[in-house]
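Nothing in this text is a laboratory measurement; each read-out follows from the coordinates by a stated rule. Predicted, not measured: the structure shown is a model, and the values here were computed from it. Cβ sites come from the backbone with ideal geometry, for glycine too, and all protein chains shown count toward neighbours.
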Amino acid sequence: MSRYRLRPSPAQEAVLLEHCGHARYVWNLAVEQHTHWQRGRASAPGFTEQCRQLTEARAACEWLAAGSIIVQQQALKDFHQAMANFFGATHRRPRWRRRGRGEGFRIVAVKAGDVRRLSRKGGQVRIPKVGWVRFRWSRPVGEAKSFRVTRDAAGRWHVAFALIPQPIPAPGTGAVVGVDRGVVVSAALSTGDLLTVPALGEAEKKRLVRLQRALARAKPGSKRRTKVKVAIARLKAREGDRRKDWVEQISTDLARRFDVIGIEDLKVSAMTRSAKGTLEAPGRNVRQKAGLNRGILANGWERLAARLEHKAPGRVWKIDPRYTSQTCNACRHIARESRESQALFRCVACKHRDHADVNAAKNIRDTAEGYAVAARGGLPLGGPVNREPQRDLLLVG
Ligand SMILES: [Zn+2]
């Protein structure tokens, strides 16, 4: 998100305020519906149902119908995102919105021509039912997929663009990298680098445990309980931010340094995770830790894969992960027994030794290289290329 100061004319401001009013009205309706819902009753209406109700409300209410459907639908979508964050324990429950306090609305499906530069310090953004609104071009604006318009308590307007990352040019060196998702380390690169997703520090972890104990002791409905909950939510949000930053850094770095990037195909790994053998010879407690971390890591991994494809379009190859951890990168012998422990790979055929995840990352790299060569119209897969692609890894089924 990058934020810019918006400078609407008085006439435009009137329409913007109306958009805010509609967004607030729809949001508050959603809050109200969910407040009245109680455990044991039929479930509160979901997004689709609320969208249907919105259509009905627009048919019955001229004031709403005169407004922008995008603004109103996005308010519902924002509410559902807020509920998801609440259930994910990273945010507080979405609350009633008051007039004049942190108002705003979101516009989606933004086209390339909807944002333009007028002068060195001036730009314009097209807002439905408002038209072109000037904003201060304080720094370059990338390609936006959506934006949010907000008005703070002081009456200042801002526009924040959600940007599609610009593709990063390939280095053109022919360098190929394989990335393996590990259990203990978050990702291993074929270069030998072991990457770990940042987590809370020791002091923060201790604090979290203390807070969670305090929460268990706090009386329901007490002020103390609310305070503790907010503190927990803040810690978790901090951890989430660190993970997001990490994904951005790693994806940019890989897109810059390598022409071709091989990663595991998650859809396949989800089905064959145990067959992959990463958990076959776990160290003590690895399995439990894996259980705790799996959801979080899977999440981060999905984001990493998505970001890589944004930043290096056409240069990312998804590799079937089966056998990547059981295949010796030196002699191609496949044996589950070669995976001596969580960290160590020792080939039963040729005695080649490597970090188990790095060995897997190298296999992913080689397969990705084979795909890339074939895609360039080079030698057919399995043909006499420098390093023969692993036929076993290319078989499907
Ligand atoms: Zn070997």
Using a basic spin-label model with each label point 7 Å from the Cα along Cα→Cβ, how many nm lie between K121 and T48?
5.1
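If the chain between T191 and A175 were fully stretched, how many nm would it gain, using 0.36 nm times the residue separation less the Cα-Cα distance?
Taking T191 through A175 to full extension adds about 4.7 nm, to one decimal.
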To the nearest 0.05, how large is the calculated FRET efficiency for A306 and A60 if R₀ is 35 Å and r is the Cβ-Cβ distance?
0.30
Contour minus Cα-Cα distance for R93 and A109 (0.36 nm per residue)
3.0 nm
Pair Q33, H333: separation of 7 Å Cα→Cβ label points (nm)
6.3
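Using 0.36 nm per residue, how much length does the chain from I164 to Q212 gain when fully extended, once their Cα-Cα distance is taken away? Walk me through the intermediate numbers first.
Numbers: separation 48, 0.36 × 48 = 17.28 nm, distance 3.75 nm.
Between I164 and Q212, full extension yields 13.5 nm more.
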Which lysines have a Cα less than 24 Å from the Cα of K362, not counting those fewer than 8 places away in the same chain?
K267, K276, K311, K318, K351
Label point at R136 placed 7 Å out along Cα→Cβ; residues across the range 7-25 whose backbone nitrogen lies under 17 Å
7-9
At a 10 Å Cβ-Cβ cut-off, how would you order F47, F345, F161, fewest neighbours first?
F47, F161, F345
Just grab the label-to-label distance for R376 and A349, each label 7 Å out from Cα along the Cβ direction, in nm (one decimal).
2.8
Is the shape of the range 294-375 rounded, prolate or oblate, going by the alpha carbon gyration tensor and its root eigenvalues a ≥ b ≥ c, with a/c under 1.5 for rounded and a/b larger than b/c for prolate?
oblate
